[in-house]
1. Does residue 32 satisfy the criteria of being out of contact with any Asp or Glu (no Cβ under 8 Å at 6 or more places or on another chain) and either modelled with pLDDT under 80 or surrounded by 10 or more Cβ atoms within 10 Å (Cβ to Cβ) (or both)?
2. Take segment 32-75 and flag every residue that is part of a helix (DSSP H, G or I), among the hydrophobic types (A, V, I, L, M, F, W, C) and over 30 Å from residue 100 (Cβ atoms).
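The values are calculated or read from the model by the stated rules, or taken from the named source; none is laboratory data. This one's a predicted model, so the numbers in the text were calculated from it and none came from an experiment. As a convention, Cβ positions derive from the backbone with ideal geometry for all residues, glycine included, and neighbour counts pool all protein chains shown.
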Amino acid sequence: MPPRPAHLPLLLCAALAPLAGCAVPEGPFPSLAPRAVEKLGFAEPAAPPPAPVAPDPALDERLADNARERIEAAKAFDAGANRAERLARAARGAKAGSEPWLDAQTALAELDALRARHQDALGVLEDLASSRAQALLPAYPALETALQAARATSAAQTRRIDSIAASLAPA
């Protein structure tokens, strides 16, 4: 069916509408050169250097007391570990439940109690660090050093207990 003359102007407008996109605007074109903000890049800016930590004599005194406690606990643990190792060597090859095996197991239990003294001192250090963090205070270098040393000693004590226990017959 051929188009009717009444619809012809409407059809002509619909056909010419897409050509409007090809029209040239008046005025200057926007520059395609990178803008100043685009030249900055997307890398994170460098963090500012940390502010120097003010000395805290009260905390230093608590750390010194804690260090003395950890040293005493480590000495007691070493003496107990030497005794437990000696008893474990004597119990090698012995059946579970025998007298030498029970002596070694008792020494291991005592050794665990000796390790708890050091763990208590480590817990105090962790509480101090946690309190500083909750107060949004910067890390205190002496406290961080003490924490690292205490954690290393604690891990070494655990490994020593585990190696002594592994040398005994299973229960």
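1. On the way: out of contact with any Asp or Glu (no Cβ under 8 Å at 6 or more places or on another chain): yes; either modelled with pLDDT under 80 or surrounded by 10 or more Cβ atoms within 10 Å (Cβ to Cβ) (or both): no.
No.
2. 36, 37, 58, 59, 63, 64, 67, 71
Residue-wise test of (1) assigned to a helix (DSSP H, G or I); (2) surrounded by 16 or more Cβ atoms within 10 Å (Cβ to Cβ); (3) among the basic types (Lys, Arg).
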{"position": "77", "(1), (2), (3)": "yes, yes, no"}
{"position": "80", "(1), (2), (3)": "yes, yes, no"}
{"position": "85", "(1), (2), (3)": "yes, yes, no"}
{"position": "95", "(1), (2), (3)": "no, no, yes"}
{"position": "102", "(1), (2), (3)": "yes, no, no"}
{"position": "106", "(1), (2), (3)": "yes, no, no"}
{"position": "116", "(1), (2), (3)": "yes, no, no"}
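Table: residues versus (1) touching a strand residue (DSSP E or B) at 6+ places or on another chain (Cβ under 8 Å); (2) within 30 Å of residue 52 (Cβ to Cβ); (3) surrounded by fewer than 13 Cβ atoms within 10 Å (Cβ to Cβ).
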| residue | (1), (2), (3) |
| --- | --- |
| 74 | no, no, no |
| 98 | no, no, no |
| 121 | no, yes, no |
| 132 | no, yes, no |
| 141 | no, yes, yes |
| 149 | no, yes, no |
| 153 | no, yes, no |
| 160 | no, no, no |
